[in-house]
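Below is one structure, written out as structure tokens; the observations come after it.
Every read-out reported here was derived from the displayed coordinates using simple, explicitly stated rules and does not represent laboratory data. Everything quoted here is computed from the prediction, not taken from an experiment. Neighbour counts are summed over all protein chains in view; Cβ atoms, including those assigned to glycine, are modelled from backbone coordinates with ideal geometry.
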Amino acid sequence: MKVIRTRVYVGPNVYETEPVVRMAMDFSARRDLKLSSYPKSAAEELLDLLPELNNRTSADGRNVGELLLSGDCHLGDVMAWTALGLQRQAGAKAEIARYLPGEKDDEGDVLFGYLSRSTGVEAGELARQIILELIDPIPGKPFPIKDEIADYKDFASRRVLGPSGQALVEAADARGIPWLRLNDQSLIQLGHGKYQKRIEAALTSETSCISVDIAKDKEVSIQLLRDLGLPVPEQEYARSAKAAVDLAHDIGFPVVVKPVDGNHGRGVGINLRTDDEVREAFDIAAGQGSGVIVESMIEGEDHRILVIDGKLVAAAKRMPAHVVGDGRSTISELITEVNKDPRRGAGHENMLTRLELGKREIEVMGEAGHSPDSVPGEGEIVFLRKTANLSTGGTAIDVTDTIHPDNQRMAERAIKAVGLDIGGVDFLTTDITRSYRETGGAICEINAGPGIRMHIAPSEGEPRDVGGAVMDMLFPGDAPSAIPIAALTGTNGKTTTARMLSHVLKMAGSVVGQTSTDAVMIDGNVSMKGDMTGPVSARMVLRDPDVDMAVMETARGGIVRAGLGYRYCDVGAVLNVSSDHLGLGGVDTLDDLARVKRLVVEVARDTAVLNADNIYTLQMAAHTPAKNICYVTMNPNNKIVREHIKLGKRAFVLEEGANGQQIMLYDREVATPLIWTHLIPATLEGKARHNVENAMFAAAMAYALGLSLDQIRSGLRTFNNSFYQSPGRMNVFDEHGFRVILDYGHNEAAISSMVDLVSQLDTRGKRIVCATCPGDRRDEDIRAIGEAIAGKFDTYLLHTDDDLRGREKGAIQEIMAEELRKHGVSPDAIHIMDSEEQSVSEGLQRAERDDLVLMFCGGITRAWKQITKFESPHRHTEEGDTVAQKNLAAEIDVPDGYTIVSDERGVRLAPLS
């Protein structure tokens, strides 16, 4: 059982719609791959270690426990279930676990969900080691399974969301509020961009820092409440143990001694009746805070009243940690039995906290005449702690429906007085159903960031939707939480289209966050340079507090490596699918590539924008849940689009008009001219057909995002292919007496489009091309580029990128030169360049007046500087940004396995059932 590679997908991916860890496994070292081939004790021991697996179902709906005992399961499935079980035992609410067989019988992918990257990866590796120990232990080298599980649980429980955090994100999910985890603890971003809020347990980004400080300072908070006439105990600050004793006598026994700024009940001494008890309590409290206070003891039961946004949301009576005797068991045995409750865990990992039998517990039971070996009578309650905090093993009984109105108003006034948006009132009273004015009840403490698990799943009584109340406070009514997300992918044209769309949106007044192959851009400014088309950069945009619109260029590589950085998009577009990057990352065919890129429209909610002139993108309409399907076509006779339009559905179509070609919008049985293509600067008066198509996609996406046609027209008319607005995408320089076109195109489709453009331009002189291909492409891809440029130029300067990507120096040039000679290019016209920099320099030196030099470069900025700084004696493009597609004929040939269907969303190709 060898791990070939591990990948962590942070969002929707080609395997699941949720984040998963994928472990590519090699099982060839195992003699058998079914669990039934190994001792049945392996399954029994695994279920004993991870009993939660008895309650799980497999991917095909069968009970996991029964499958393990029957042995009718692959070792890969066992590993996935084990990794999931380890995480769930540590408190992670992951759900997915399955094995995906590979092309070889002894290889495949183990897939399982996770909430924290580190805990997910660790769970996978530990699962592998556990299974190996159970089915094939190494003599003399036992793997300490139980110790390792305990260590993992301790490690993971500090990184998974606790019950409170989990309840809050579940409430967010229920309301459609997107969320992102910002660390391995409980800091969470709710919403995207400018609408975002943050929570950390029950603290929010709206919580006043001053109010938190007031709540933490018990002396100040009690004084503030007293000044408003709210019921509070008599209280004084003690500077020493002697002063504490004196104050206890002044106040009157019994008293409470506690830290001035403690929490979770730590260091609190209650019901103190002697000087010695006060002195001892002072020393304990002093070690837990910055000062000590002494206050009068309020008789009654401990209650926690939760107030959110000024309104009482929940109330619970809290019982200190205790056991109930049965007349037979010792206290120690009763504690063990109570801790079997699956709701109990270590610290805050679960709804209840495990009971402990430490020094403090022994002291408390000793005061009642008990020891751990005592056998309390049936029904006798033995307290282990004096304070009722859940963090020390206490329990909670919901009393929300029975609290007296006076007590409710008192709690609400107290939290408002302190100034908290979320606050907990610790209230002591003999009867919560009676007014504090009758019972003499009082507030003993105000809590900022109060624990909410006691209200989510009380030991007794009705659970309360506390998380929902928090969400309703942060995002009231119809308040937005998510910014619109437009995502696009394709083999070519992504970057130019993303830039066009971002420009259109910016011109319409939006602050746009954009990811691309060059950088993350915020409102037109570079935030971070580099290839930023993966999930990390997508989340960078979604976390930016200024952004109100996101444009996500999403590349194949990012999807394959880590999935999407967003759970859904409002508008998803696939521009085209053609040969590029094949043979990399398990993407070997165009069908594989289409399945990867299809993910963008599989997560689209409102509109899927698809190229109707590309058979691979056309087929994607059958796989999107989007409410609307919008087609883009440069062929006005496209059969599917014509039928789609007849149904009143949306399409952007390139049509001939009296003044040339224009983009037409069809929607709801209305045809509207959008813009003449020669009015779009980026199209070079309509000659750059690839940019015509890019503009059509940008317009379609902008329209789906709600922009008006005038806003779209204005944006397209002011976007051009200057180096500063769209570096590396058909940048033209005309100031040398000859024309230079610089482009980043690096696959056959992109280069073919640029060659087609050059052939349409009126060039009086000769044509020169500086060409290359990235080193990680297949030999056939390099030859395809050679064929695309063959016979179209007078001079061919062949170079390599700075990064050879595993190729031998000169290998790419030789393959391309061979292909050129094969297609009739004279060897005298072919020149091998040592570097890209030399190729650019040579192209500029060879050019004369009225010539045209087309340069395909990877080092765009360097090449542009060479071009602009060249002293001419004749002076008076992510993965490429072009699209070359074969238009479908008017009578489209429906591919095998598909049929044409229509429904409420329009016309599309659908697979035959």
Charge sum, other residues only, whose C-beta stays under 11 Å from GLU438's C-beta, Lys/Arg counted +1 and Asp/Glu -1
0
Order by protection proxy (mean Cβ within 10 Å, highest first), peptides 193-200, 526-533:
193-200, 526-533
Extension gain SER70-ASP667, at 0.36 nm per residue separation less the Cα-Cα distance, in nm?
209.1 nm
Mind giving me the nanometre distance, one decimal, between the label points for SER28 and VAL526, set 7 Å out from Cα along Cα→Cβ?
4.6
State the antiparallel share, in %, of DSSP beta bridges confined to region 485-717, rounding to the nearest 5.
45
Taking +1 at the Cβ of each Lys and Arg and -1 at the Cβ of each Asp and Glu, which of VAL292, LEU593, VAL313 sits farthest along the dipole of the chain towards its positive end, judged by Cα position relative to the Cα centre?
LEU593
Footprinting proxy, ARG56, ARG862: sorted fewest to most Cβ within 10 Å, the residues are ARG862, ARG56
Give the separation of the Cα centroids, region 579-639 to region 90-141, in Å.
34
Nearest 5 percent is fine: what portion of the DSSP beta bridges confined to region 481-612 is antiparallel?
30
Which residues qualify? For ARG344, with a placed amide H closer than 5 Å and at least 5 residues away or on another chain, they are LEU352
May I ask you to compute the full-extension gain from LYS646 to ASP326, defined as 0.36 nm times their residue separation minus their alpha-carbon distance, rounded to one decimal in nm?
107.4 nm
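Determine the gain in length on full extension of the stretch ASP803-GLU18; use 0.36 nm per residue of separation and subtract their C-alpha separation, reporting nm with one decimal.
Here the answer is 279.1 nm.
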Within a Cβ distance under 15 Å of GLY102, other residues only, what is the Lys/Arg minus Asp/Glu net charge?
-2
Quick one: which of 137-146, 397-406, 182-191, 382-391 comes out on top by average Cβ neighbours within 10 Å, and what's the full order, highest first?
382-391, 182-191, 397-406, 137-146
Using only Cα atoms, locate the centre of region 147-201 and the centre of region 1-69, then give the distance between them in Å, rounded to an integer.
25
Going from the fewest other Cβ atoms within 10 Å to the most, one would list ILE456, ILE96, ILE485 as ILE96, ILE456, ILE485
Just grab the label-to-label distance for ARG821 and VAL220, each label 7 Å out from Cα along the Cβ direction, in nm (one decimal).
8.4
In order through region 679-690: 3J(HN,Hα) via Karplus (6.51 cos²θ - 1.76 cosθ + 1.60), integer Hz, x for Gly, Pro
8, 9, x, 5, 9, 6, 6, x, 6, 7, 5, 5
Only bridges with both residues in the chain count here: give the DSSP antiparallel percent, nearest 5.
70
Can you list the residues, at least 5 places off or on another chain, whose amide H is less than 5 Å from the amide H of ASP523, using H built in the peptide plane?
VAL512, GLY513, GLN514
With 10 angstrom as the radius, rank SER578, SER835 by how many other C-beta atoms surround their C-beta, starting from the fewest.
SER835, SER578
Span from the region 769-797 Cα centroid across to the region 287-336 one, whole angstrom:
76
